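Asks: Take a look at the following structure, please.
Readers should treat all values here as calculations from the given coordinates under stated rules, not as data from a laboratory. What you see is a predicted model, and the numbers here were worked out from it, not measured in a lab. Don't worry about glycine lacking a Cβ; one is built from the backbone with ideal geometry, like all the others, and counts go over all protein chains shown.
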Amino acid sequence: MAYPAANFHSVNAKEFAACVKEGTGGEIDIVTHPGGSLFKGNDIKRAVQTGQTPIGERLLSAHENENPVFGVDSVPFLANSYDDSVKLWNATKPELEKVLDKQGLVLLYSVPWPPQGFYFKRDVNAVADMGGVKVRSYNNSTARISELTGMAPVQIEAAEITQALATGVIGALITSAVTGQDSKAWEQLSHFYTVEAWMPRNHVIANKSTWSALPDSQKAALKDCAAKAEAAGVEKSKAANQAALEALAKNNMKVLPPSDALAAELRKAGATMTDEWVAKAGDAGKAVVDAYKK
Ligand code: PCA
């Protein structure tokens, strides 16, 4: 796992592991390694595919280059509330499971991050104020919206944000209140704009060969614990978001919505990105969005 031990995704995964241990009478004992300590975020998917580790948690939108469906959760303003995130997820799941299966992966559960906002060192009231700022990116959408707003995206693991801010490698973030809190964003940044651009998801995925070799009773226990973790994860995400917004404010950050002018400019960039995504995602992508909008 790529995120810190106290992060709600990591806590949820630990509870999932405990559930699996109990449900299999101790036969499956999953040990979680948070903070990218076993594999860094960007290496986790490959490590699970190749069987270097049987199970892992990954933000699949970071692999949108492999298949556009991985990026559907990060299409700007498509699903930026918890209800819509769950709805989009239910519409996406059948297609995503197919894509993962072809890659030798089995989906266990998925949990959304809180809505994504923008962190800066100063007031930003329009896209013109962002020009030239080096901003940390974690997937295609963060990189593309940065380009469209004149910023310079730099791909950095979540575990390295604090250091990258301190050394001036980056001067802005696009992420949740939670990751801002996890990274002590207030040490270098002063403003959090609650843009609510999208809600990317972490997915817990297993190696297909490992999975296939399990007896049905163990598969059932894993599925049952996964369903529980998916439901609990949404609630944990909501609670963590509230707590993080409070923590940012308590550490003297300005937490505020974007100005109307900025919001309109970001919507425009979002519309461009939506067109780009629809064009590359083809019929499979259209089917997912149609199912979501039904
Ligand atoms: N935190 C993760 C992904 C989205 C989020 O809120 C990160 O910044 O890496």
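Asks: Report, in deg cm²/dmol and to the nearest 500, the calculated mean residue ellipticity at 222 nm for the chain, where each DSSP H run with n ≥ 4 adds -39500 (n - 2.57) and the sum is divided by the residue count.
Replies: -16000 deg cm²/dmol
Asks: I would also like to ask the following. Could you work out, for segment 128-206, what percent of all Cα-Cα pairs fall into each 10 Å distance bin, beginning at 0 Å and stopping at the bin that holds the largest distance?
Replies: 18, 54, 24, 3, 0
Asks: Assign one of three labels to segment 118-166, namely rounded, prolate or oblate, based on the Cα gyration tensor with a ≥ b ≥ c the square roots of its eigenvalues; rounded applies when a/c is under 1.5, prolate when it is not and a/b is larger than b/c, and oblate otherwise. All intermediate terms of the calculation are to be shown ahead of the outcome.
Replies: On the way: a/c = 2.43, a/b = 1.34, b/c = 1.82.
Oblate shape, in that a/c is at least 1.5 and b/c is the bigger or equal ratio.
Asks: Still on this model: Could you state the number of Å between the C-alpha centres of segment 102-172 and segment 249-292?
Replies: 14 Å
Asks: Which whole-angstrom value gives the distance between the alpha carbon centres of segment 214-228 and segment 39-63?
Replies: Between the Cα centre of segment 214-228 and that of segment 39-63, the gap is 20 Å.
Asks: Something else now. Any idea how far apart LYS21 and SER81 come out in nm if each label point goes 7 Å out from Cα toward Cβ?
Replies: 3.9 nm
Asks: Provide, for q = 0.08 Å⁻¹, the log10 of I(q)/I(0) from a solvent-free Debye sum over equal Cα point scatterers in the chain.
Replies: So the normalised log intensities work out to -0.33.
Asks: Right, something else. With a cut-off of 18 Å, note down the residues of segment 91-112 whose backbone N falls inside the zone around a label point 7 Å from the Cα of GLN242 toward its beta carbon.
Replies: Those under the cut-off are 112.
Asks: Among LEU88, LEU245, LEU38, rank each residue by its count of other Cβ atoms within 10 Å, from fewest to most, as a rough exposure measure.
Replies: LEU38, LEU245, LEU88
Asks: A further question follows. Rounded if a/c is under 1.5, else prolate if a/b is larger than b/c, else oblate: which is segment 196-279, with a ≥ b ≥ c the root eigenvalues of its Cα gyration tensor?
Replies: oblate
Asks: Which trypsin sites (Lys or Arg not before Pro) in segment 52-128 pass both tests, a DSSP loop state and at most 15 other beta-carbon atoms within 10 Å?
Replies: Those that pass, being in a loop and sparsely packed, are LYS121, ARG122.
Asks: Segment 1-96: D in µm²/s via Stokes-Einstein (Kirkwood Rh, Cα pairs, 4 °C, 1.567 mPa s)?
Replies: 87 µm²/s
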